[in-house]
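What follows is one structure encoded as structure tokens, with my remarks underneath.
The values are calculated or read from the model by the stated rules, or taken from the named source; none is laboratory data. Worth saying up front: this structure is predicted, and the values here are computed from it rather than measured. Neighbour counts run over all protein chains shown; Cβ positions are idealised from the backbone, glycine included. Just the protein is used for accessible areas: all its heavy atoms, side chains included, with ligands, DNA and RNA removed. Shrake-Rupley method; radii C 1.70, N 1.55, O 1.52, S 1.80 Å.
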Amino acid sequence: MEKCHTLKRYTITFLLMVLVVFSLNAQAVFTEYSGKIIDGRSNKALEAVSLNINETNIGTITNSEGEFVIKVASDYLDSKVTISLLGYDTYSVPLSQLAKADNVIKLYVAVTELSAVSISAFKNAESLVQKVFRDKMQHLDDQSLFMTAFYRETIKRRNRNVSLTEAVVNILKQPNSSSLRDAIQLSKARKSTDYKRLDTVSVKLQGGPFSALYLDIMKYPEHIFTEESIKIYNFSFDEPSVINNRAVYVVNFIPKANVVGVNYIGKLFIDVELLALAGADYALDLSDKKRTKNLLVKKKPKDIVVYPLEASYKVAYKVNGKTWYYNYSNLNLKFKINKKKQLFNKVYTLASEMAVTDWEVNSTDKRIKIKDRLKPTMVITDAISGFSDPNFWGKYNLIEPDKSIESAIAKIKKNIEKEKQDKKKKSS
């Protein structure tokens with residue numbers, strides 16, 4: 001009898017294990033599509049093109065070579081993929097018409113003319129910008145959202161890659177009207193760093209995914225435009241453009257001549273119909289070297305002086321019906337480092353980007369435990385270790401790596417492996 005019960009217990013356990021394995025495998029079924037997006041006339045690769053699966057929140061972004069990979073669950077293989085970029089006509093194609101690899105998709109420049117009435121609806125560009133920020137809650141979803149995003153961070157010395165960090169993160173996006181800060185949790189992460197190329201100066205970016213998330217200027221306007229700071233800029237209309245087949249106002253902004261301090265120069269892209277922010281490209285004005293010396297530097301040795309050469313930012317939003325959601329952001333920082341008693345200076349470039357690859361309204365009140373939350377002050381390269389095999393990401397959507405990054409990974413991995421072998425030889 002005991003033997004019978006034992007056998008029964010083993011059978012139930014085995015069935016449960018089979019069910020679990022089956023369930024996990026079923027969830028992981030997806031089809032991968034890859035290719036390249038180019039300009040239809042010049043054949044130039046198009047960077048930061050948005051690809052989204054219709055009637056879902058699944059999406060990705062092209063890399064600097066215009067290349068993409070998008071993974072689609074089997075439930076959505078009858079859907080279309082919509083491809084859009086600022087200034088280009090949106091293109092939509094059924095997934096059934098795409099090959100699994102080597103797709104070449106052409107986008108064509110959109111020709112858009114806004115009537116004089118459209119422009120003159122506002123006394124000036126500044127009044128339009130004020131209205132966008134004042135009335136933003138009319139166009140933003142004021143619900144809690146649970147997002148999956150892909151984050152990448154790179155560090156270069158001159159033109160040579162020295163560090164690459166990638167992560168899939170979960171983002172608990174709080175309602176825009178809430179005073180609660182967004183929370184981020186690492187889901188999967190990996191890194192490679194060639195410490196020899198970093199030389200005697202160790203350069204790190206503080207904030208990790210938060211550095212990209214805080215570029216959501218609709219949620220965090222204090223980082224660029226407040227009711228007071230808007231007044232220090234001159235705004236002017238540029239030629240209108242198109243995003244996702246929707247006409248957008250293009251508004252230039254520069255600091256007023258008599259304004260003292262470090263400010264931004266850039267462009268805002270405002271949806272004509274809804275008067276919501278569709279995106280922004282901007283940069284810090286670093287022309288005054290005396291004023292910007294050591295700017296953006298949290299910590300440094302006393303014998304080092306840091307001059308920022310570039311600090312540029314980009315944020316893009318995605319519309320769903322009449323509601324706009326944070327979709328993508330990136331930042332590029334370049335620094336020149338002068339060290340006492342050293343003849344030559346060093347130039348480092350730090351870049352980070354984050355793309356939302358899926359999201360859902362947080363109707364089930366999902367939480368990220370406090371112990372699992374990343375801190376806004378964290379350095380992500382210190383939080384993780386090691387690189388993984390090509391199948392590491394599984395079903396997750398991500399941004400295809402640049403060719404230069406791919407070669408850097410190969411070199412870094414070879415150097416790390418060589419160091420391991422050398423250590424083994426010395427210890428034996």
Once amide hydrogens are built 1.01 Å from N within the peptide plane, the residues lying 5 or more places from Ser187 or on another chain with amide H under 5 Å from its amide H are Val168, Val169, Asn170
Enumerate the aspartates and glutamates that Lys340 could reach by cross-link, defined here as Cα to Cα under 16 Å, with residues fewer than 8 away along the same chain left out. Asp199, Asp303
What is the local net charge at Ala283, summed over the other residues whose Cβ is closer than 13 Å to its Cβ (Lys, Arg +1; Asp, Glu -1)? 0
Between exposed chymotrypsin sites (Phe, Trp or Tyr not before Pro) in the chain, where DSSP calls loop and at most 12 other Cβ atoms lie within 10 Å, what's the longest gap? 109-343
Cα radius of gyration and Dmax for the chain (Å): 24.2, 93
Just name one of Ser42, Ala73, Leu398: the one whose Cα is farthest towards the positive end of the charge dipole of the chain (beta-carbon charges, Lys/Arg +1, Asp/Glu -1). Leu398
If you place +1 on the Cβ of every Lys and Arg and -1 on the Cβ of every Asp and Glu, how big does the dipole about the Cα centre of region 172-268 come out, in debye to the nearest 20? 500 debye
Against the empirical 2.2 N^0.38 Å scaling, what ratio does the C-alpha Rg of region 29-143 come to? 1.34
At a 1.4 Å probe radius, carbon and sulfur cover how many percent of the accessible area of the chain? 52 percent
Using Cα-Cα distances under 8 Å and only pairs 6 or more residues apart, what relative contact order does region 55-181 have, in percent? 14 percent
Straight-distance crosslink candidates among lysines, where the alpha carbon sits under 16 Å from Lys36 and sequence neighbours closer than 8 are dropped: Lys44, Lys71, Lys100, Lys106, Lys403
Average silhouette area of region 304-343, convex hull of alpha-carbon atoms, in square nanometres: 3.4 nm²
Just the Cα atoms of region 189-305, one point each, no solvent: what log10 I(q)/I(0) does Debye give at q = 0.11, 0.12 Å⁻¹? -0.55, -0.64
The answer for region 124-193, accessible area per residue at 1.4 Å probe in Å², is 37 Å²
Return the sequence-ordered ³J(HN,Hα) values of region 319-325 in whole Hz as given by the Karplus equation 6.51 cos²θ - 1.76 cosθ + 1.60 applied to θ = phi - 60°, using x for Gly and Pro. 9, 10, x, 10, 10, 10, 10
Checking the cross-link filter: which lysines have an alpha carbon closer than 23 Å to that of Lys339, excluding same-chain neighbours under 8 positions apart? Lys156, Lys196, Lys204, Lys289, Lys290, Lys293, Lys298, Lys299, Lys300, Lys302
Accessible area of region 198-339 divided out per residue, in Å², using a probe of 1.4 angstrom: 46 Å²
Give me the compactness ratio for region 134-253, meaning the Cα radius of gyration over 2.2 N^0.38 Å. 1.38
Tell me the trypsin sites (Lys or Arg not before Pro) within region 356-426 that lie in a loop according to DSSP and have at most 10 other beta-carbon atoms within 10 Å. Lys369
